[in-house]
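Some notes on the structure that comes next.
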Amino acid sequence: MADPTATRVRSVFGSWDAVVLLALVLVAVVGAVTVDGAASPRFWRFVTLEAIPIALIALPLTLVVITGEIDLSVASVLGLTCVTVGQLWLWGVTSLPLVIAVAVVLGALLGAINGLFVTGFGLPSLAVTIGTLALYRGLAYVVLGDRAVANYPQSWTTGAIRPIPGTVIPWMILVVGALAVVVGLVLHATPIGRSLYAMGNNAEAARFSGISVGRTKFWLFVVTGAMSALAGVFWTLRFASARADNGTGLELAVVAAVLLGGVSIFGGRGALLGVLAAVALLGTLRNVLQLAYVPANTLTIVTGSLLIASVVGPNLAGRARERLRRRRAIGGPPVTTATPNPGEET
Amino acid sequence: MTAVEATTARPARTSGGARLVNRVFLVRELGILLALGLLVAVTAIANPRFLGAQSIKDLLLGSTILAILAVGQAVVVITRNVDLSVGSILGLSAFATGSLFVASPGLPIPVAVLVGLVLGAICGAVNGGLIAAARVPALVVTLGTLYVFRGIDYRWAGGRQINAADMPDGFLRLGNDTVLGIPLLTLVAVVVLVVAGFYLRSYRGGRELYAIGSDPDAARLSGIPVGRRVFFAFVASGALAGLAGVLHAARFGTLDANAGINSELNVVAAVVVGGVAIFGGSGSVYGAALGAVLLTTIASALPVLGINPFWQRAAVGALILAAIGLDRALAIRVARRLRGRSSHG
């Protein structure tokens, strides 16, 4: 489902990344000027705290979506790791590194199950991860029921959200930043990254050109599971609470950020910068609106509309341009390449 | 895979292959029925009261709304699309019904039903319009409208709650009355199911939905108005979600802005468990409805069997994985059989 119109759209808008970044700056500046408190360091601390888990999951999910797959089970993996952290604490495990290690390994295993179903058995990832969304969340309920584990040591909970010395920004953002650099380099500067786009555009062709599509996708699911687990540990410690329903519905927020960031749901297109900008944009917008006493439900409407606009806008603009181009081409020799793909004709 | 899809789209052709495929998919629906029967039998043996009149009524009532949503979703999924906004449409329509009765208590019930249907159809038309006209992926658009419709619902309700006392008795009775032991609501669902099933099976427009789901490009090239058909699939799904909203209001009486929240993935789960391929082109609304009944039955059977009800969600997840795994195995088998036939003449 590669969409040549989309490439043309990019030249209309410059690049989508730039559009999202611009929107982010606009929201931040307008917010800072018009809304009381939206310029304060405290404000940015909250925005960052909120964005950290979403960014942690969005990083690997971007790669998954670029290869043409999807993982809807991420929030359930997060929930199950939250519960695991709580259960480990109840069992008397007092070593935080051990807890983190167990959680991340568990997340990787859960991701491996997704990957096995998708690449090993050849099942559609949308259906598989809707299944594991229910399964993993269900297991979280099986472990903790409706109880909550909340009595973690102070050093764990404040440690997770401790600011970078001299600022109020939580240090975890540095971890996110480092991971983003790694993922960005892999995606945009290595043969592996190019192969991800290739398999998103045409898995069959990618396979024939010697890319091990199955194995790559499998490991992407594993990494997505591990990163969701890391987000789960952070979630537990930030809210000092492990409950089975932690992060319910977060999968749609993360997917919304990835798609708003310009990644095509059909794969083969998108960049990491746009996704990170979209995560920041949604977080900033939410907090600005909250500070402006706009009811939270308006934000739901704004998020949804942004998401729709992010696919409809470029598409319509591209089609209009295409029509213009074809009108100009009339009279000239028959330009068969002017037909972007049969799917665009009616 | 393509062989499977192509032949299921034309049941009129009576080649051996088509008959085989039909049989397999009949087996698929019988499979769910069998699983359902087994579950009910085991549960009834554990506790005979599970088959009591009240318990069966609760079970049917519980699956009705999910089944109606699943029928609409199946129509959309068959065209290789998905509608994630159904839960939000249900919420909007349920609250609209409640507010309508608060504003004018004497309103005839059919009018309320009609308003719910039309409201749902309008929401569906928004989805379908964006998807068919702007040609953007359904998953993204309906994820967006999931937020938008729910947001509108929140704004409108603004934390208010509508109680059963605000609604006319006749309307609430609609939600609880039975005819010969079968709840009225369930009869509504059965009518919806039969009409949708008949249309998909025996009408040209219905068959074209399968053709679109099997291969949208081929469908377009063979002259099927793909955009229009997909648009109407979404309108149908929206209208059914609207109807489900009215029934939700009648059944529960108490309404706030959260009606039907997070139900979209349950609906997709019911459809997938019911044997509708997530990439379109095969399956039936009967299967989807059976899937909805099976999911609801699991939920009510677990406590009766003495299993921690917290296992319910996990069981549903495992069931989805089993169902798609089974479909895949069946599809591979059919494809191999068909290939075998054609190579031997």
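For the reader, a short list of remarks on this structure follows.
- Calculated from backbone phi, Karplus (6.51, -1.76, 1.60) coupling profile of the stretch B:93-105 in Hz, x at Gly/Pro: 5, 4, 5, 4, 4, x, 4, 4, 6, 5, 5, 9, x
- For the protein assembly as shown, the Kirkwood hydrodynamic radius comes to 26.4 Å, computed from all pairs of different C-alpha atoms.
- Virtual paramagnetic centre 7 Å along Cα→Cβ of A:SER212, amide N under 11 Å, in the stretch A:58-89: none
- Counted charge near B:TYR154, where neighbours are those whose Cβ lies closer than 14 Å (Asp, Glu -1; Lys, Arg +1): +1
- Simple rule: put +1 on each Lys or Arg Cβ and -1 on each Asp or Glu Cβ in chain B, find the dipole, and look at B:GLY170, B:PHE279, B:LEU92; the Cα lying farthest toward the positive end is B:PHE279.
- Inter-label distance, nm, simple model (7 Å from Cα along the C-beta direction), A:SER15/B:ALA322: 4.9 nm
- Stretching A:LEU179 away from A:ALA205 to a fully extended chain increases their span by 6.3 nm, per 0.36 nm per residue minus the current alpha-carbon distance.
- Dipole magnitude of the stretch B:2-343, debye to nearest 20 (Cβ charges: Lys/Arg +1, Asp/Glu -1, about Cα centre): 1360 debye
- Dipole-positive endmost among B:LEU338, B:PRO183, B:ASN258 within the stretch B:2-343 (Cβ charges, Cα centre): B:LEU338
- Ranking of B:PHE95, B:PHE231 by count of other Cβ atoms within 10 Å, fewest first: B:PHE231, B:PHE95
- Degrees, to the nearest 10: B:311-343 long Cα axis against longest axis of chain B: 30 degrees
- Between B:ILE32, B:ILE78, B:ILE65, the Gaussian network model of chain B with springs among Cα atoms under 10 angstrom shows the greatest mean-square fluctuation at B:ILE32.
- Simple Cβ-charge dipole of the protein assembly as shown, Lys/Arg +1 and Asp/Glu -1, about Cα centre, in debye nearest 20: 1680 debye
- Sequence-ordered 3J(HN,Hα) estimates for the stretch A:183-198 from the Karplus curve with 6.51, -1.76 and 1.60 and θ = phi - 60° stand at 4, x, 5, 4, 6, 9, 10, 10, x, 4, x, 4, 5, 4, 4, 4 Hz, glycine and proline given as x.
- Sorting the segments B:241-249, A:64-72, A:226-234 by their residues' average number of neighbouring beta-carbon atoms within 10 angstrom, most packed first, yields B:241-249, A:226-234, A:64-72.
- Alpha-carbon geometry of chain A: the Rg and the Dmax are 21.6, 80 Å, given in that order.
- Ordered by the count of other Cβ atoms within 10 Å of each Cβ, fewest first, B:SER263, B:SER93, B:SER104 give B:SER104, B:SER263, B:SER93.
- Residue order, fewest to most surrounding Cβ atoms within 10 angstrom, among A:VAL74, A:VAL35, B:VAL195: B:VAL195, A:VAL35, A:VAL74
- Charge dipole magnitude, Cβ of K and R +1, D and E -1 - the stretch A:109-257, Cα centre, debye nearest 20: 180 debye
- On Cα atoms only, tilt of A:213-239 relative to the major axis of chain A in degrees: 40 degrees
- Look at the stretch A:133-146: the mean tally of other chain Cβ atoms within 10 Å of its residues' Cβ atoms is 5.
- Of A:ALA39, A:ALA189, A:ALA242, the one that fluctuates the most in a GNM where chain A has Cα springs shorter than 10 Å: A:ALA189
- For chain A, the mean residue ellipticity at 222 nm estimated from helices alone is -24000 deg cm²/dmol, where every DSSP H run of n ≥ 4 contributes -39500 (n - 2.57) and the total is divided by all residues, rounded to the nearest 500.
- Between amide H atoms placed 1.01 Å from N, distances below 5 Å from B:ILE261 occur with no residue 5 or more places distant or on a separate chain.
- Förster radius 25 Å - calculated FRET efficiency between B:LEU30 and B:ASN258 (Cβ-Cβ, nearest 0.05): 0.10
- Counting Cβ atoms of other protein chains within 10 Å of each residue's Cβ and taking the mean over peptide B:317-329 gives 5.
- For the protein assembly as shown, with +1 on Lys and Arg beta carbons and -1 on Asp and Glu, the positive-most of A:GLY232, A:VAL186, B:ILE307 along the dipole: A:VAL186
- Part-to-part distance (alpha-carbon centres) for the stretch A:57-123 and the stretch A:208-228, which is given in Å: 14 Å
- Packing here is the average count of other Cβ atoms within 10 Å per residue, and on that basis the peptides B:307-315, A:302-310, B:46-54, highest first, run A:302-310, B:307-315, B:46-54.
- Helix B:184-202 axis, angle to chain B major axis (alpha carbon atoms, nearest 10°): 30 degrees
- MRE, 222 nm, helices only [DSSP H, n ≥ 4, -39500 (n - 2.57), over chain B, to nearest 500]: -26000 deg cm²/dmol
- Values of log10 I(q)/I(0), in the order q = 0.09, 0.15, 0.18, 0.21 Å⁻¹, for the stretch A:120-251 under a Debye, Cα-only, solvent-free model: -0.41, -0.95, -1.12, -1.25
- Residue of B:ALA257, B:ALA196, B:ALA329 that the Gaussian network model of chain B assigns the largest fluctuation, springs spanning Cα pairs under 10 Å: B:ALA329
- Per residue of peptide B:303-315, the mean number of Cβ atoms on other chains within 10 Å of the residue Cβ is 4.
- Within the shell defined by Cβ-Cβ distances under 15 Å, the residues around A:ALA140 carry a net charge of +1, with Lys and Arg each +1 and Asp and Glu each -1.
- Dimensionless Rg ratio for the stretch B:2-343, taking C-alpha atoms and the 2.2 N^0.38 Å reference: 1.01
- Cα centroid separation - the stretch B:36-97 against the stretch B:281-345, whole Å: 15 Å
- 3J(HN,Hα) along the stretch B:69-80, derived from phi through the Karplus expression 6.51 cos²θ - 1.76 cosθ + 1.60 where θ = phi - 60°, amounts to 4, 5, 4, x, 5, 4, 4, 6, 5, 4, 8, 6 Hz, with x in place of Gly and Pro.
Every read-out reported here was derived from the displayed coordinates using simple, explicitly stated rules and does not represent laboratory data. Fair warning: this is a prediction, and the values are worked out from it, not measured in the lab. Neighbour counts run over all protein chains shown; Cβ positions are idealised from the backbone, glycine included.
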